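Please read the structure below before turning to the comments.
The values are calculated or read from the model by the stated rules, or taken from the named source; none is laboratory data. Predicted model only: the values in this text are computed from it and were never measured. Heads up, the Cβs are rebuilt from the backbone with ideal geometry, glycines too, and the neighbour counts pull from every protein chain shown. In case anyone asks, the SASA skips ligands and DNA or RNA and just uses the protein heavy atoms, side chains included. Shrake-Rupley method; radii C 1.70, N 1.55, O 1.52, S 1.80 Å.
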There are 2 protein chains.
Amino acid sequence: MTTDQAVAPPSAGLRERKKRRTRAALVRSALELFTRNGYDHTTVDEIAEAVDVSQRTFFRYFANKEEVAFAAQEATDSHFFAALTARPAGEAPLAALRGAALDAWDTIGEAVTELVPPDLYMRMYSVIESTPALLAVHLRRTAELEERLAREIARREGLDIETDPRPRLVVAAFSGVIRVAGRLWSEGEDTSMEALRELTAFHLDHVGAALTGHWSERQE
Amino acid sequence: MTTDQAVAPPSAGLRERKKRRTRAALVRSALELFTRNGYDHTTVDEIAEAVDVSQRTFFRYFANKEEVAFAAQEATDSHFFAALTARPAGEAPLAALRGAALDAWDTIGEAVTELVPPDLYMRMYSVIESTPALLAVHLRRTAELEERLAREIARREGLDIETDPRPRLVVAAFSGVIRVAGRLWSEGEDTSMEALRELTAFHLDHVGAALTGHWSERQE
DNA sequence: GAGGCTAGTGTCAGCGACTGACAATTGACA
DNA sequence: TGTCAATTGTCAGTCGCTGACACTAGCCTC
């Protein structure tokens, strides 16, 4: 088994299909157990047993227990990145990021559904935010995505990311905002996709103002 | 043993002093081993043995292996937070954060030295940034600090953090910038405190411009 | 300053995440 | 059909971490 968790070429050999099925089954069982019993109270043995493979096989598909928890996020991350590369070249950096985020929310459902039911994805998001070990990994993964985004922004603007700090700066500010929105969403009542989309748009529209000057009565 | 890792009341009983010495010795030995051999290649047994206590005792001082790695950061974090609360009330949010960051760099040396030699602190920072498991925890800790900062900003401005997103927004953008600066520093040649201070100031002065409009020749 | 109290430590047993090694199975392909 | 290589299971072992229990050593009282 190599690094072939990418999209599925229609069918390929029996071996390939079997591997994909096993992997998908592991992801689904894992997320179900995580959301039902909690991440910490789920052992790798349980996950493996639910799919009827050995623990050793589990670790041949996933480097560690955390990795299976992020299998679905992985899909949406690359979805968002792709949305950015698809934005018109003329757009300003922050506008492009904003556009990509909103585009992504519109089409993310399909991208996820192939792997797990959407509601499972949603519930898993809450588990991640409320499990310290997973939250930590989530933040690291986000940082890695940010790096890719910054490089893409630099490319769009024809800048050298090693010498010009601005690409990383916008991305850092941008995703700080995204995180705030995501957190409010996962803590709030309305856990629908639409709610998340709206929260994101709303907060992005207020960064500029929030960064300058005083807030009390006067300015802004 | 309770939660008494705070500052040292001059001497207290023998018991107290002994505990503090053990704790400090564990931190120092741990950081030395981490920076010399790497975090992953250092076992808790080795750390405990270096201080001549049992592994079980190590885990009575630190909840886990990660915690000892962040003992020094803990000191600087609260140092920075204190610097923020000391800023004049009239200052605008971003200005106060900027001021606190620069104030903190000026006096952070002393705060750290009591625990470990400064160069060990510096080298440990690099280890954290380059060790995935530690980087993840670092980011989570940072997120927690951000939450405290946001609450303090809200307090200064007399806002309700539950309903007004702006405190979290500035802090998110602000610390995104800090992180970019910190990373460039830990990757760069000049690993001095001054270099970090300068990088921080420089980047903070450029967020505003970076967030608005296009960058190429034209505007800005 | 002897004796009791209790905080702090060591030892031991055990769980769960993870890994290397090796043998058994099973697609793939000539 | 037989060979080759990819997948998998089994086993043994390391490391992080925890509960239980016994022991030691400061501390405090009489």
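In nm, what does the list of distances from B:PRO88 to its counterparts in the other copies look like, shortest first, when each label sits 7 Å along Cα to Cβ?
For B:PRO88, the other copies' label points sit at 4.6 nm, shortest first.
Put a label point 7 Å from Cα along the Cβ direction on B:ASP52, then list its distances to the equivalent points in the other copies in nm, shortest first.
For B:ASP52, the other copies' label points sit at 5.9 nm, shortest first.
Starting from the residue with the highest accessible area, list B:ASP205, B:ASP77 in decreasing order, probe 1.4 Å.
On the way: B:ASP205 90, B:ASP77 40 Å².
Largest to smallest exposure gives the sequence B:ASP205, B:ASP77.
Does segment B:14-64 come out rounded, prolate or oblate, given a ≥ b ≥ c as the square roots of the eigenvalues of its C-alpha gyration tensor, rounded meaning a/c under 1.5 and, failing that, prolate meaning a/b above b/c?
Values: a/c = 2.33, a/b = 1.76, b/c = 1.32.
Prolate is the answer for segment B:14-64, as a/c is 1.5 or above and a/b outweighs b/c.
Rolling a 1.4 Å sphere over the protein heavy atoms, what is the accessible area per residue of segment A:70-211, to the nearest Å²?
Accessible area per residue: 41 Å².
Compute the Rg to Rh ratio over the protein assembly as shown from the alpha carbon atoms, using the Kirkwood formula for Rh, and round to two decimal places.
Working: Rg = 23.4 Å, Rh = 23.9 Å.
Across the protein assembly as shown, the Cα-based Rg/Rh ratio is 0.98.
On the full set of protein chains, 1.4 Å probe, figure out the accessible area of A:THR142 and give it in Å² to the nearest 10.
About 30 Å², rounded to the nearest 10.
Mean 1/r over all different Cα pairs, inverted: what Kirkwood radius does segment A:70-211 give, in Å?
After inverting the mean inverse Cα-Cα distance, the result is 15.7 Å.
Output the Cα-based Rg and Dmax of segment A:22-117 in Å, rounding Rg to one decimal and Dmax to a whole number.
Expressed in Å, the Cα Rg and Dmax of segment A:22-117 come to 16.9, 52.
Under the rule of -39500 (n - 2.57) per DSSP H run of 4 or more residues, summed and divided by the residues of chain A, what mean residue ellipticity at 222 nm is obtained, to the nearest 500 deg cm²/dmol? Don't jump to the answer; show the numbers that get you there.
Details: 11 runs with 158 residues, N = 220.
For chain A, the value works out to -23500 deg cm²/dmol.
When we measure straight from the Cα of B:LYS19, which lysines land under 25 angstrom away, once same-chain ones fewer than 8 places off are left out?
B:LYS19 reaches B:LYS65.
What distance in nm separates the two pseudo spin-label positions at A:GLU194 and A:ASP106, each 7 Å out from Cα along the beta-carbon direction?
Inter-label distance under the simple model: 1.6 nm.
Using a 1.4 angstrom probe and counting only protein chains, how large is the accessible area of B:GLU187 in Å², to 10?
Here the residue's solvent-accessible area equals roughly 110 Å².
First measure r as the distance between the Cβ atoms of B:GLU67 and A:ALA50, then evaluate 1/(1 + (r/R0)^6) with R0 = 25 Å and state the FRET efficiency to the nearest 0.05.
Values: r = 33 Å, r/R0 = 1.32.
After rounding, the FRET efficiency stands at 0.15.
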